[in-house]
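> Take this structure first; my questions come after.
The values are calculated or read from the model by the stated rules, or taken from the named source; none is laboratory data. In this text, all values refer to a predicted model and were calculated from it rather than measured experimentally. Positions of Cβ are generated from backbone atoms using ideal geometry, with glycine treated the same way; all protein chains shown enter the neighbour counts. Protein only, heavy atoms only, side chains kept; ligands, DNA and RNA dropped before computing areas. Shrake-Rupley method; radii C 1.70, N 1.55, O 1.52, S 1.80 Å.
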Amino acid sequence: MSEVKLAATVRTEFGKGAARKIRRAAAVPAVLYGHGSDPIHLTLPAHDTAMALRTPNVLLSLEIEGKGSELAIPKAAQRDPLKGSLEHVDLILVNRGEKVTVEIVVETEGDLAPGAFLVENVLNTLSVEAEATHIPESVTVSIEGLSAGDSVHAKDIALPKGTTLVTDPEAVVIQILAAQAEEPAAEAAEGDEAAEA
């Protein structure tokens, strides 16, 4: 897992007006929580932060002006519903070696058995515990040769070394369904007319 360095400054102004002013200056307001300490209100560079947050569970090395370096992972990011730009970011303070619980994306690979089958992702993410500096971005599940009625449970998924499953082991993550053949529209219309007569 890569570590992304971000320059951060401590914020002293709060409220909507201050937040708008920060965003106009190509920055984004953020709050750093954790380890029982008081939250630290920060300003981060908007573009660099947005690029970093494209990686799920990215590890951020925050170079905080006047306070030194801190490690953090993103907890939540609020975006403008129309522009998609970052509005605010919540970060969790972590230490090297510390275990954290995060959500990782479930990806699939391989081809289903021949036939008309559909893959249903019952869960798109798994909750896992991992060391803060070794959080996997995703986990890949093989669906090779599966057919209708087959399913993959959380316990069946091989996790990277040092990662522990938090999601219920019996939870269905992926299931394979038989594709439903649709009734031709013309036949359906004739059936409706016969029923009305």
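> Let me know the whole percent of all Cα-Cα pairs from the chain that are separated by more than 30 Å.
So the pairs more than 30 Å apart make up 43 percent of the total in the chain.
> Same structure again: Label Q78 and S142 with points 7 Å out from Cα along Cα→Cβ: what is the distance between them in nm?
The modelled label-to-label distance comes out at 4.5 nm.
> Also, I was wondering about something else. Return the loop-located trypsin sites (Lys or Arg not before Pro) in the stretch 1-105 (DSSP other than H, G, I, E, B) with at most 11 other Cβ atoms within 10 Å of their own Cβ; answer none if there are none.
R54, K83, R96
> What is the distance, in nm, between label points placed 7 Å from the Cα along the Cα-to-Cβ direction at T133 and at M51?
2.4 nm
> Here's a follow-up. Among L60, N124, V141, which residue has its Cα positioned farthest towards the positive end of the charge dipole of the stretch 49-144, with +1 placed on the Cβ of Lys and Arg, -1 on the Cβ of Asp and Glu, and the dipole taken about the Cα centre?
Working it through, the farthest residue towards the positive pole turns out to be L60.
> Is the stretch 1-40 best put as rounded, prolate or oblate by its Cα gyration tensor, with a ≥ b ≥ c the root eigenvalues, rounded for a/c under 1.5, and otherwise prolate when a/b is larger than b/c, oblate when not?
oblate
> Angle between the Cα long axis of helix 185-196 and the longest principal axis of the chain, 0 to 90 degrees, nearest 10?
70 degrees
> Per residue, how much accessible area does the chain have with a 1.4 Å probe, in Å²?
59 Å²
> Right, another one. Keeping the other protein chains in place, figure out the carbon and sulfur percent of the accessible area of the stretch 26-151, with a 1.4 Å probe.
Carbon with sulfur: 49 percent of the solvent-accessible area.
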